[in-house]
Each structure stands twice: as structure tokens, then as C-alpha cells.
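One structure below.
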Amino acid sequence: MNERFSASGLMNPFFPDEVTFGEKGVTFKVRKLFKSNDNFVFYSDISGVEIESGVLFSTIRIIPRMRPEIIINNFTKGDAKKVKELILAKVQA
């Protein structure tokens, strides 16, 4: 299972955030102008997923058990919902 989702290019065309699903966990790549942060979280370490939807785009908030939350921005509503469903399916398995 190596699915990958990228944020919309409308809000940040050169540095979109990414979510990549692996066998044991999820990698969240949060990009800024001169840096990026890669956060790998095991499925078993995720305690929750929240989606905050705006008019056009959604923000996904990942809540790991022993770490600060991870916030990824500018995903389409459909992609945000799919990311949440995939994470929750793996967390509950």
C-alpha cells in the first residue's frame, strides 16, 4: 500500500504538502519556502484524525499519541476524507 496524496497546487504550487502511506505507517511532508519537515508516524501511534473544511480546501490534523499534532494544509475535501478513512482503517486493524 504505497498511496500518495498531494495538496492542491492552487494555494502553494511549488511546495505542496504530501501524505504517503506505507506498510507500517504514514509519512507527512510539510513544505515551506526554504525547508520541509518529514514526519513518519506508525499507525499504532495515531490516536486521532481531524478534518477542518473551508470553502474550497481542507486541513488535516493528525494527533499522534506522544508527539505534537501534525497539520497539513490545502487538500481537496475528497482527498482529506480519503486520507482520514485510510488512516482510521489502518489504526483500527
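The values are calculated or read from the model by the stated rules, or taken from the named source; none is laboratory data. Please read all numbers here as calculations on a predicted model, not as lab measurements. Reconstructed Cβ throughout: ideal geometry from the backbone, glycine too, with neighbour counts over all protein chains shown.
Please find, among Phe28, Phe42, Phe57, the residue that is at pLDDT 90 or above and closer than 16 Å to Gly9 by Cβ. Every option except Phe57 fails the conditions. The residue that is surrounded by the fewest Cβ atoms within 10 Å (Cβ to Cβ), among those in region 62-75 that are of a type outside the set (Asp, Glu) and free of Cβ contacts under 8 Å to residues at least 40 places away in the same chain, is Met66.
Within region 76-90, no residue that is at positive phi sits with its Cβ atom under 9 Å from a residue that is among the aliphatic types (A, V, I, L, M) and assigned to a helix (DSSP H, G or I) at 6+ positions apart or across chains. Lys81 fulfils the conditions (1) surrounded by fewer than 18 Cβ atoms within 10 Å (Cβ to Cβ); (2) in a helix (DSSP H, G or I); (3) at pLDDT below 95; (4) not hydrophobic (A, V, I, L, M, F, W, C) except for a single criterion, (3). Exactly one residue among Thr59, Thr27 is hydroxyl-bearing (Ser, Thr, Tyr), surrounded by 17 or more Cβ atoms within 10 Å (Cβ to Cβ) and part of a strand (DSSP E or B), and that residue is Thr59. Would region 43-51 turn up any residue that is farther than 17 Å from Leu86 by Cα and either touching a residue at least 24 places away in the same chain (Cβ under 8 Å) or not in a strand (DSSP E or B) (or both)? Within region 43-51, not a single residue is farther than 17 Å from Leu86 by Cα and either touching a residue at least 24 places away in the same chain (Cβ under 8 Å) or not in a strand (DSSP E or B) (or both). The lone criterion from (1) among the aliphatic types (A, V, I, L, M); (2) modelled with pLDDT under 95; (3) surrounded by fewer than 16 Cβ atoms within 10 Å (Cβ to Cβ) left unmet by Ile51 is number (2).
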